[in-house]
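To keep things clear, I will list the structure first and then write my remarks on it.
Read the figures in this text as sums done on the coordinates, not as results from a lab. The structure displayed is predicted, hence computed values, not measured ones. Don't worry about glycine lacking a Cβ; one is built from the backbone with ideal geometry, like all the others, and counts go over all protein chains shown.
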Amino acid sequence: MQDISFQHVFSRVYSYLCEAGVEMTSERCRQLLQLIDDAVAEVGASPDQNSTNGKLPDSRSVAGHHLLDNAMNRLPEYFTLPKANIPTPAPSLCRGSIGYHRRG
């Protein structure tokens, strides 16, 4: 799997927030950068991200798909996401006849 760049992670999370209805002000952009910074720190510090030969992880392994997962999982800690309003079906659903004649 290809590694994900930091710009790609920022763009994906930013787009998600915009589509969720969060107005992105300069303060919220700073919150987003802090969220990504904290996600990078956690992903870089986790033992499963370090290579088995004892070397420190390079920037490509830190910027992998774990970073995007971590950033998306942290969203509720940093942002209040609006509830999704699912409209009720109209007209109300009810069983009806499709014109078959009854036998018997």
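Things worth noting here:
- Amide hydrogen neighbours beyond the local backbone of ILE4, cut-off 5 Å, H modeled: GLY64, HIS65
- The order of PHE6, PHE79, going from fewest to most other C-beta atoms within 10 Å of their C-beta, is PHE6, PHE79.
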